[in-house]
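What follows is a short report on a single structure.
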Amino acid sequence: MADGSSETKSSNQMWGGRFASGPDAIMEEINASIDFDKKLYAQDIRGSIAHATMLAHQGIISAEDKDKIVHGLGTILSEIESGTFEFSRRLEDIHMNVEARLAALVGPAAGRLHTARSRNDQVALDFRLWVKEELQKTEKALTALIAAFLDRAEEHADTVMPGFTHLQTAQPVTFGHHCMAYVEMFGRDRSRVRHAIEHMDESPIGAAALAGTGFPIDRHMTAKALGFREPTRNSIDTVSDRDFALEFLSIAAIAATHLSRLAEEIVIWSTPQFGFIRLSDAFSTGSSIMPQKKNPDAAELVRAKTGRINGSLIALLTVMKGLPLAYSKDMQEDKEQVFDAAESLELAIAAMTGMVRDMTVRADRMKAAAGSGYSTATDLADWLVREAGLPFRDAHHVTGRAVALAEQRGCDLSELSLADLQAINPAITDKVFDVLTVEASVASRTSFGGTAPAEVRKQIAWWRARN
């Protein structure tokens, strides 16, 4: 007895203080998903109502039982939304919690609801419905962000600023053109969202555990009732597929990357050294010790959210990478990643939309910076090609010498004299000064998609017609 008691005590210590009752407590802790999958309650109830209605239509359950089930599910929905529903971890997940409460409400009829389905196709349905609805919300949020950028682009189609490569001054552009670059980015994100909705617009319910069912169900009926284009076509793939979740996370990661790039520019632009924009107090914070500080915390937090979203994508890819067909319990780890990424993305888009609409653009600072770093050097090289007939490589060399001279003199290219320029290449005439201002440079970029204000306005009009 002494030896046995000692072994039991040792085993209990090994399980750890939290799991006082031993392996049963550990199994409950690792197996239960209700703490997070209760977020799927509305989709679960909606799917069950469609399933029960189809079962009755097909004569698999009675109309009376269907009515009891539908009424009971409506009661449960009201209880959850009012906060009176008691979730139990011992019932593992949202499906069993709803089913147990339904049995308490309507009796034996509740047991007929699970006819011709499994928790495998049930969770696939619930999760797919949730992701589809989240994608629809993301589409609306991206549309609002694009609209905010279109407004700022139109407002600043003529506002000159420096364009950068390597974060070094490259060529003058307009702030409107810069804004339209983000319209293109977020437009691609929205396009990916729309494609993802199309890809996943198939109903999983009726695939059952993995092999389908012998009951005479009508999967097209449930697909239509739940707003899907059609049912899925292979029962094994249906219960093992999480591509829709992975696609959502990949879209979220790309969109978050775009948001992060924008956030980085906002952080840079709002520094005293740049001073291109000023953020309002609504999207800034102060310092606890330095009273002069105005920190772009909202932009920094948007930038940080990208790490969480990227992590969610990698986590689910790693969960799915070695799973044999069909369903495995590993797939329970799919939802928390998607839920967290969706919340982060939704918040980040909303914050960025607010910042874009709210920020003050300092056109004077942008214009002053636009001419720095000899940003019109390419215009000089282009002029030499067009007007003096030089091969571009020769024009590049001549321009490089002009830049070196201006740098030596501590002046801009436009401040060099005609004699200075002709000493470098005698083919240069006084007409060259027409292209050495930032306004002239910007106005000359009339190629399709270029930075010329007239071209920027064309692109704004094109997007407004489609947004």
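Within the range 399-434, how many residues turn out to be in contact with a Lys or Arg (Cβ under 9 Å, 6 or more places away or on another chain) and either of a type in the set (A, V, I, L, M) or free of Cβ contacts under 8 Å to residues at least 12 places away in the same chain (or both)? Walk me through it before giving the result.
To start, the set of residues in the range 399-434 that are in contact with a Lys or Arg (Cβ under 9 Å, 6 or more places away or on another chain) comprises 415-416, 420, 424-425.
Pick out the ones that are also either of a type in the set (A, V, I, L, M) or free of Cβ contacts under 8 Å to residues at least 12 places away in the same chain (or both) and you get 415-416, 424.
The qualifying residues number 3.
Working carefully through the options 51, 57, find the one that is closer than 24 Å to residue 217 by Cα and open to solvent by less than 60 Å² (accessible area, probe 1.4 Å).
On the way: 57 fails: open to solvent by less than 60 Å² (accessible area, probe 1.4 Å).
Answer to the selection: 51.
Would you say residue 256 is farther than 24 Å from residue 346 by Cα, open to solvent by less than 10 Å² (accessible area, probe 1.4 Å) and at pLDDT 95 or above? Break it down into steps so the answer makes sense when it comes.
Details: farther than 24 Å from residue 346 by Cα: no; open to solvent by less than 10 Å² (accessible area, probe 1.4 Å): yes; at pLDDT 95 or above: yes.
Criteria not met by residue 256.
Any residue that is at pLDDT below 95, within 28 Å of residue 155 (Cβ to Cβ) and of a type in the set (Gly, Ala, Ser) - is there at least one of those in the range 169-178?
Looking through the range 169-178, at least one residue is at pLDDT below 95, within 28 Å of residue 155 (Cβ to Cβ) and of a type in the set (Gly, Ala, Ser).
For the range 1-100, please list each of the helices (runs of 4 or more DSSP H) lying entirely inside it that holds at least 2 residues being under 20 Å from residue 225 (Cβ atoms) and at pLDDT below 95.
Details: elements: 2-15, 23-31, 34-37, 41-57, 63-82.
So the answer is none; nothing clears 2.
Just for the range 143-156: of the residues that are crowded, with 20+ Cβ neighbours inside 10 Å and touching a Gly at 6+ places or on another chain (Cβ under 8 Å), which one is nearest to residue 252 (Cα to Cα)?
146
Quick check: is even one residue across the range 123-138 basic (Lys, Arg), buried (at least 20 other Cβ atoms within 10 Å of the Cβ) and outside any helix (DSSP H, G or I)?
Scanning the range 123-138 turns up no residue that is basic (Lys, Arg), buried (at least 20 other Cβ atoms within 10 Å of the Cβ) and outside any helix (DSSP H, G or I).
If I go through the range 409-442 residue by residue, how many of them are under 48 Å from the mean Cα position of the chain (by Cα) and in a helix (DSSP H, G or I)? Spell out how you get there, then give the answer.
Restricting attention to the range 409-442, the residues satisfying the condition of being under 48 Å from the mean Cα position of the chain (by Cα) are 410-415, 432-442.
Remaining after also requiring in a helix (DSSP H, G or I): 413-415, 432-434, 438-442.
Residues that pass the stated criteria total 11.
Looking for whichever is out of contact with any Lys or Arg (no Cβ under 6 Å at 6 or more places or on another chain), more than 28 Å from residue 302 (Cα to Cα) and surrounded by fewer than 18 Cβ atoms within 10 Å (Cβ to Cβ) here; the options are 395, 388, 363. Which one fits?
On the way: 395 fails: surrounded by fewer than 18 Cβ atoms within 10 Å (Cβ to Cβ); 363 fails: more than 28 Å from residue 302 (Cα to Cα).
Going through 395, 388, 363 in turn, the sole match is 388.
Out of (1) open to solvent by less than 30 Å² (accessible area, probe 1.4 Å); (2) out of contact with any Ser or Thr (no Cβ under 7 Å at 6 or more places or on another chain), what's the single condition that is false for residue 426?
The number of the failed condition is (1).
So which of 116, 109 is among the small types (Gly, Ala, Ser), out of contact with any helix residue (DSSP H, G or I) (no Cβ under 6 Å at 6 or more places or on another chain) and crowded, with 20+ Cβ neighbours inside 10 Å? Give the derivation first.
On the way: 109 fails: out of contact with any helix residue (DSSP H, G or I) (no Cβ under 6 Å at 6 or more places or on another chain).
Residue meeting the stated conditions: 116.
The values are calculated or read from the model by the stated rules, or taken from the named source; none is laboratory data. All figures in this text were calculated on a predicted structure; none of them were measured in a lab. Every residue, glycine among them, receives a Cβ derived from its backbone with ideal geometry; neighbour counts consider all protein chains shown. Quick note on the areas: whole protein, heavy atoms, side chains included, nothing else; ligands and nucleic acids left out. Shrake-Rupley method; radii C 1.70, N 1.55, O 1.52, S 1.80 Å.
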